[in-house]
Amino acid sequence: MEESTISVWLSGTLAVVTCCSAFILSLQRIWLHKTQQVDPTPLRFDTKRDYTQPIADDAHRLTRVTFATLVLTSLSALNFYNVVHQHQQNNWSLTAASCVQFISWLYATVLVLVSRRHKFPSEWGWILNVHLCIFYTVAWCISLYYIYEAFVLNPNDSWLHMLPTVISILFSTDLVYTTATASRGPPFLDEQGRKVASINVTSIFSFLYFDWVAPLVHLAYEKQTLTDDDLPTLPPLYRGYNLYYIFGATRGKSLLKRIYTTNRKAIIIQIVLAVITSLGYYVPAFFVNQLLRLIQTMDGKVDTELMRKGFIIVASLGASIFILGIAVGQLWYYASSSVQVRVKAMLNIEIYRKTLRRRDLAVEAPKIDDEKDKKDDSNSTTEGSEKKEKGDTNSSTGTIVNLMSTDSNRISEFSVWWFSIIAAPIELIVGTSFLYVLLGRSCFLGLLVMVFVLPLNHYNAKIFARTQDKLMEARDKRVSLMNEVLQGIRQIKFFAWERNWEKRIMESRDRELHHLGITYLSGVLFTLLWQGSPILVTLITFWSFTKLEGQELTAPIAFTSITIFNELRFSLNILPEVFIEWLQALISIRRIQTYLDEAEIDPPNDEVTDLQENNKPISIGFDHATIGWSLQNYTDEITDQNNNVTTAASSSSFILKDLHFKFPNNELSLISGSTGSGKTLLMLSLLGEAIILKGSAHCPRQAVANTVSEDFVLSSDIDPKDWILPYALAYASQNAWLQNASIRDNILFGLPFVESRYKETLYVCALDKDLDIFEDGDQTEIGEKGITLSGGQKARVSLARAVYSRAQNVLMDDVLSAVDAHTAKHLYEKCLLGPLMKERTRILITHHVKLCIKDSAYLVHIDAGRASLFGTPDELRQSGKLSMIIESEEETIHHDQVEEEKVIEDSLPSEPTAANDQKKPRALVEEETRATGMVKLRLYKLYTGMVGSPMFWVVMVALFLGSRGLDITENWWIKQWSHSYEIPSNETTHVFQQQSISSQSKPLFAYQPVTLLNNHDSAAAPIHVMDAKEDSLNFYLSIYCLITMVNIVIGTSRFAVLYWGALGANKALYAQLLHRVFRAPLRFFDTTPIGRILNRFSKDFETIDSNIPNDFMNFVIEWIIIITSMLTVSTVLPIFLIPMLSVAVVNVYLGAMFVSTSRELKRMDSVTRSPLFSNFTETIVGVATIRAFGATRQFLQDMLRYIDTNARPYYYTWTVNRFISVRFALTGAIINFITGVIILLSVEKMNASLAGFCLSFVLLFTDQMFWGIRRYTSLEMSFNAVERVVEFMEMDQEAPAITQLRPPEKWPTSGSIEVKDLEIKYSADLDPVLKGLTFSVKPREKIGVVGRTGSGKSTLALSFFRFVEASRGSIVIDGIDIKELGTEDLRSNLTIIPQDPTLFSGTLRTNMDPFDQFKDEDIFTALRRVHLLPNQESSDTIASDVTLDEEVNSNVFESLDTAVTEGGKNFSQGQRQLLCLARALLKSSRIVLMDEATASVDFETDKAIQKTISTEFADSTILCIAHRLHTVIEYDRILVLDQGQIIEFDSPLTLINNSESAFYKMCRNSGEFDSLIALAKSKHELVDVSD
């Protein structure tokens, strides 16, 4: 009867599977039909396949499946027939069961026949195959039972009767194998013909067992290194292109909702699997319990039926472990490889897209909280280079980079953990019911303790989250500061400020470490609660069970309940942990949401589109416009009834008012004005970068790209006639923005290479000579921000990009300032007026009005916040207003004579020289290196040495071993206690091992062994024995209490001591890296992208701070557990060493493959992250240029490519984890099965106590091996950060800062310079830049250094500061050879006013006097001397030309508390140069080098400054590198350089009087020959008088 009941249940199961399949299949059919109707555009899916891969013939599979299914359907029909005939009336249930079975097989036959019409790779064919596979698997399990029934329960049955059962198991096995191993077809190829990850074409078995990853793992193990080409492309739904559209479709919703919507399918699968696995975690423990009870019942006697039952239990144990492993593998695949990778990529794409659109507001100074002093508030902004205002929510570069590096990571990492919110409560319910069966009501008393601990955990979590917030803030500030320092490293080195900046950054680091220390403290508290609560629960429960209920604590109850408490500990404690992660993710979501909500630039006007459509001429200009950086605090004019203005417009930031003019089309227009008047603001408002507060601005511009395409390629075949696009725009910014690429790539900027146009562009931009000098010609890598080029070369490459472009409208911001007068004239005549630009609309900001006015059609002059003058030059001349702009009328402008034309032609090549394309150019920026193989032992040694002394590690080892020893002692004591209830004759003393209570987070197959001892009921004891029992109970309870309490203390103190050591190591390591980077030669910063250096200081240090201490601790704990387990087992029972060792060998082999693959993938992840950040920071800085050129789509495409390249190693890192986890599940299942079988076969020699003991070790062993290898991999991956940091710590260093030879106090005293045979090379394998210079400079002499761009002027300045060491020759200052001095002594005693003025965020005071060496009055005096403040004595200075009531904007320099934004971007280029000059005036030294220090300043201010220099630096020797001849014409002597050699060195008058001299030609070409010769003569006469 029982057999028929089982048959009914089995048939019922098959029927349920059939019904579910039919229902789901109908839904899938509808879904498939719908999706096939929908056009997937704009999403792209792969269609090409790789037919070179051998794939099984699908027709063969279908034939095999059809035949086997028909055979099994016939057998079920035969069975149905037999049952009906044999049991017509007797047993209707058996008849119904066989009928159901027959119908189910008929259903399978129908599915098989249908699938014959849908061969692979058909989507519907695959769905049918999956349904059949599930059906066949259930049928196979039923066949397995029938085989068991036939051969075990009815062994005497005839063979003929057994034959259908045998056929059934054979065919169903074949069916399961065929459907499970059939792959869907050849692997896909992406658009580039690269192989795609085969997860979408792999078989069911390969999908579940992660076999599709095996080729990659084997490749990594064999090669020990991986390259990007080794990694298959990710499936379509993981690629940047598709994610851009998928995530973009949800815009307008909250960020959290968008993340859920776009990953809904994977999240639902996560939920289903989380429920299944949380129920499954207790299943292996249940089977172990059953096995031990069985052995206890057998009591050493062999019983056939019980043995049979035992084998079923053992087989079920193995199967449950493997199935649980598969389910957990899938759960974590969807959590990490699917959701995590996609969320991270989606967020990065969205942040980048926003960066291309957001109004870049980094320019307006932050508001100062000082309402009393309105001047402080209303100041601050002027031209600004490419950056604009800073609102309250505005983000600095460091913060934006952190959004991408840290916040998107946080959110994606939480997507891995979140399902514990569902899994933990289910585990709690299952575990509690299990406990109730064992312990009755006592279990609730114990669980009550856990509930009381929860608020503590919650409180700690809140502290942790709060501190984490502060830590993030401190880290943001430090990274921003670090970014600024790296951007301004030249300035810091020029002024020998390294030590002071090191101190400032280390103070910022200390603040960060203070918060890190508190998070460590929180971590220790978590460990205390994590370890303490289950121990406390166990104590209370056992006390209640034995003392209050008076029950006996037998071994089965004791060990099973401890197991479950440990499991429950995970469930209870994971909730606060997930809560913390949730809080952190929420903070990050809020930060990203805030960024995404920042203001965006206005889209182009509709009228521009209308003009385009109707083909009307475009218009560039303003219509009654007021423009500014910020809407904040802006009030418009208020008029009374008579339309009189009663209140002027006011704003807290800089504005330009009442702009009403139009620039003429196809002509050259000029914008002029004094330094800081707002010229750049005017131009940026045309580009849409500034805010139109009132009125309107007209200018054609392209909208920011909203679409991307997978095959985005710029057309390479453009008809020269169609080259110029009437509505396109080009922009050359004042601070030339260049990409980290070759010169050619920068000029082409994504356009096709047209040789004739390209060569012409090089010629008109005077770049051809420079390219001759560069060994690699136009293929020369120019480094980040064009750092290897001089200022003039950068400006000309930036101009060349605009000239080469297809734009009809070209806006140029002060491109002539950065070049010398000679080149400026060439650019004006050959470029601005040349054939390439002739018919274009050109708008030029310039101080060279006199040079440019002749051929310009329109002029706008800005003064005092208004366009005070505008019109054609003729109109302005007639009204007499032109003379206000330029000193003299047009008559003083020289008409070029034939002779002059000849001079220019002489100095320029007649035809452009072609760049040499033959050999492969040298890369300036080397590809980032990455180590291969294991992390070197010396790195571990270096880090452990930093953490603590040998004594420190002795204490740590004692704590590690003590804690593990107490774990074992604790279990041994429980065994003794439970043993005390048993009769003496049965005593056995064995140590019982329990999973370490201090174990890390939950193992993959989370279950505990249940250890059981024989327990015979004893006869009723006499009453007086009760007292002895009570004493005995108290004794055991108190000792147990003591052991556990000591264990909690020691277990927690391990973490506390290590964290304490790690804090010190983190500080020391950072300080060392910082020092080494500060002392690195300048060449290092030229050849290493800032993103790469910043990556070390941000991401790598975050890993060192947050991961290494925990990874190190977990690694040591896990391996101590593994080693002690093996030692204990081999000591107690040597026979079990064989399965343990064999499993260890297999696991170590698997582990070695896993480690080598994981390590390589982690390194690739680190290396591919750097270009992502470099591109990102480059975009943030150059966003105005990118938008102006309409190149946003091109940059978005590049970013998607970088994101894909970075996502690949990240995806495979997690998939390889899954690959290894399911294999460990299999070895775990096998070892447990073997162990169970050995125990059953040795049952005569083995009691329950010994069996339980052996099982307790062997069962956990695979888990421990898995976690040991995982912990080792995590440690290796984290130490990859140390490896990268140490790589930078071992780079070349500059000469020492201090040497034995210290200069005398106040050196140099007189300022004489002797240069002998000076030769300079940038590196040993390059040609010399300066070739044997010899000259001497007398004390207090003023020397002007001139020469065309690239002649070696700036290199000469660098050599005085030993940024480039002389390969030959010497520089002697006041009798001391500078190479004998320390660099700090040398640089701190010289002064340089560099070409690129650098300011740091803070206030004016912190910039002028970073280290509090001067009084405020001294600083104000310096500001007056550079004319940033009006002179108190005179009223005729430039700054006070306009009366105050006319001033729209107040003077920002009146308060030293005026804020300075990152990079000083809230000041114009000219103002920044003047601030640097003022800083140099404060540091009065005997030798001053000026490197084009006033290039961006208007001529009037320049003249005034030259006067200041001549008086303030009267006692100093000056070497001034100048582009403007006016700057140096009154100097004592002029040094003319050409191609690294001195060609002339004499007084200006001597040189200008010699018509053969190069200086004479320069003066002639400048267009200001008469005024120059007059100034030279007046100086000469003054000298004569003095003589």
For this session: Can you give me the number of residues within segment 1132-1179 that are hydroxyl-bearing (Ser, Thr, Tyr) and open to solvent by less than 10 Å² (accessible area, probe 1.4 Å)?
Result: 6
Exercise. Can you find even one residue in segment 661-684 that is out of contact with any Phe, Trp or Tyr (no Cβ under 6 Å at 6 or more places or on another chain), under 17 Å from Ser630 (Cα atoms) and among the acidic types (Asp, Glu)?
Worked result: no
Problem set entry | Hey, Ala465 surrounded by 16 or more Cβ atoms within 10 Å (Cβ to Cβ), outside any helix (DSSP H, G or I) and either in contact (Cβ under 8 Å) with a residue 24 or more places away in the chain or out of contact with any helix residue (DSSP H, G or I) (no Cβ under 7 Å at 6 or more places or on another chain) (or both) or not | no
For this session: Mind listing whichever residues of segment 1151-1175 are hydroxyl-bearing (Ser, Thr, Tyr) and within 17 Å of Phe1279 (Cβ to Cβ)?
Result: Ser1156, Thr1157, Ser1158, Ser1166
For this session: Within segment 764-781, identify whether any single residue is of a type in the set (A, V, I, L, M, F, W, C) and closer than 30 Å to Pro617 by Cα, and answer yes or no.
Result: yes
Problem set entry | Tally, over segment 796-839, of residues that are touching a strand residue (DSSP E or B) at 6+ places or on another chain (Cβ under 6 Å), in a loop (DSSP other than H, G, I, E, B) and surrounded by fewer than 23 Cβ atoms within 10 Å (Cβ to Cβ) | 1
Exercise. Among the helices (runs of 4 or more DSSP H) contained in segment 1325-1421, which hold 1 or more residues that are more than 37 Å from the chain's Cα centre (by Cα) and within 27 Å of Phe1467 (Cβ to Cβ)?
Worked result: 1353-1360, 1383-1389
Seminar exercise, completed: In segment 1504-1522, residues that are touching an Asp or Glu at 6+ places or on another chain (Cβ under 8 Å) and of a type in the set (Ser, Thr, Tyr) total 2
For this session: Evaluate segment 715-726: report whether one residue or more is of a type outside the set (Phe, Trp, Tyr), at pLDDT 85 or above and in a loop (DSSP other than H, G, I, E, B).
Result: yes
Exercise. Which residue out of Ala96, Ala56 is hydrophobic (A, V, I, L, M, F, W, C), surrounded by fewer than 17 Cβ atoms within 10 Å (Cβ to Cβ) and part of a loop (DSSP other than H, G, I, E, B)?
Worked result: Ala56
Seminar exercise, completed: Of the residues in segment 510-543, those that are in contact with a Lys or Arg (Cβ under 6 Å, 6 or more places away or on another chain), modelled with pLDDT of 80 or more and crowded, with 23+ Cβ neighbours inside 10 Å number 1
For this session: Output the residues belonging to segment 840-854 that are more than 17 Å from Ala802 (Cβ to Cβ) and either part of a helix (DSSP H, G or I) or within 42 Å of the chain's Cα centre (by Cα) (or both).
Result: Val849, Lys850, Leu851, Ile853, Lys854
For this session: Answer with yes or no whether Met482 is open to solvent by 20 Å² or more (accessible area, probe 1.4 Å) and either touching a residue at least 40 places away in the same chain (Cβ under 8 Å) or in contact with a helix residue (DSSP H, G or I) (Cβ under 8 Å, 6 or more places away or on another chain) (or both).
Result: no
Exercise. Can we say Asp1027 is in a helix (DSSP H, G or I), at pLDDT below 90 and either open to solvent by 20 Å² or more (accessible area, probe 1.4 Å) or touching a strand residue (DSSP E or B) at 6+ places or on another chain (Cβ under 7 Å) (or both)?
Worked result: yes
Seminar exercise, completed: The one condition Phe1499 fails out of (1) under 20 Å from Ala818 (Cβ atoms); (2) at pLDDT 80 or above is (2)
For this session: With the condition kept exactly as written, say whether any residue in segment 950-973 is closer than 30 Å to Ala1225 by Cα, among the hydroxyl-bearing types (Ser, Thr, Tyr) and either more than 37 Å from the chain's Cα centre (by Cα) or modelled with pLDDT under 65 (or both).
Result: yes
Exercise. Say we look at segment 675-703 and pick out the residues that are outside any loop (DSSP other than H, G, I, E, B) and of a type in the set (Ser, Thr, Tyr); which of these is surrounded by the fewest Cβ atoms within 10 Å (Cβ to Cβ)?
Worked result: Ser696
Seminar exercise, completed: If we keep only residues of segment 1547-1557 that are open to solvent by 30 Å² or more (accessible area, probe 1.4 Å) and in a helix (DSSP H, G or I), then the residue farthest from Glu1341 (Cα to Cα) is Asn1553
Exercise. Counting only residues that are open to solvent by less than 70 Å² (accessible area, probe 1.4 Å) and of a type in the set (Phe, Trp, Tyr), which one in segment 1266-1323 is farthest from the chain's Cα centre (by Cα)?
Worked result: Trp1307
For this session: Consider Arg64 carefully, then state whether it is surrounded by fewer than 20 Cβ atoms within 10 Å (Cβ to Cβ), in contact with a Gly (Cβ under 9 Å, 6 or more places away or on another chain) and within 30 Å of Phe207 (Cα to Cα).
Result: no
Exercise. Looking at segment 33-87, which of its residues are of a type in the set (Val, Ile, Thr) and within 30 Å of Ser709 (Cβ to Cβ)?
Worked result: Thr35, Val38, Thr41, Thr47, Thr52
Seminar exercise, completed: Within segment 751-780, the residues that are within 21 Å of Ala1191 (Cα to Cα) and open to solvent by 30 Å² or more (accessible area, probe 1.4 Å) are Leu751, Phe753, Val754, Arg757
Exercise. So, of the residues in segment 1326-1354 that are at pLDDT 85 or above and of a type in the set (Ser, Thr, Tyr), which turns out to be most open to solvent (accessible area, probe 1.4 Å)?
Worked result: Thr1334
For this session: Count, please, the residues in segment 276-299 that happen to be assigned to a helix (DSSP H, G or I), touching a residue at least 24 places away in the same chain (Cβ under 8 Å), open to solvent by less than 20 Å² (accessible area, probe 1.4 Å) and of a type outside the set (Gly, Ala, Ser).
Result: 8
Exercise. With respect to the numbered conditions (1) in a helix (DSSP H, G or I); (2) surrounded by fewer than 22 Cβ atoms within 10 Å (Cβ to Cβ), which one is the sole condition not fulfilled by Val302?
Worked result: (1)
Problem set entry | Selection from segment 117-165 of residues that are farther than 26 Å from Val16 by Cβ, in contact (Cβ under 8 Å) with a residue 12 or more places away in the chain, more than 49 Å from the chain's Cα centre (by Cα) and surrounded by fewer than 16 Cβ atoms within 10 Å (Cβ to Cβ) | Val152
Exercise. Can you find even one residue in segment 1503-1517 that is out of contact with any His (no Cβ under 6 Å at 6 or more places or on another chain), more than 19 Å from Lys1579 (Cα to Cα) and open to solvent by 10 Å² or more (accessible area, probe 1.4 Å)?
Worked result: no
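The values are calculated or read from the model by the stated rules, or taken from the named source; none is laboratory data. Since the model is a prediction, treat every value here as computed from it, not as a measurement. Methodologically, a virtual Cβ is constructed for each residue, glycine included, from the backbone with ideal geometry; neighbour enumeration extends over all protein chains shown. Side chains are part of the model used for accessible areas, which takes the heavy atoms of the whole protein and leaves out ligands, DNA and RNA. Shrake-Rupley method; radii C 1.70, N 1.55, O 1.52, S 1.80 Å.
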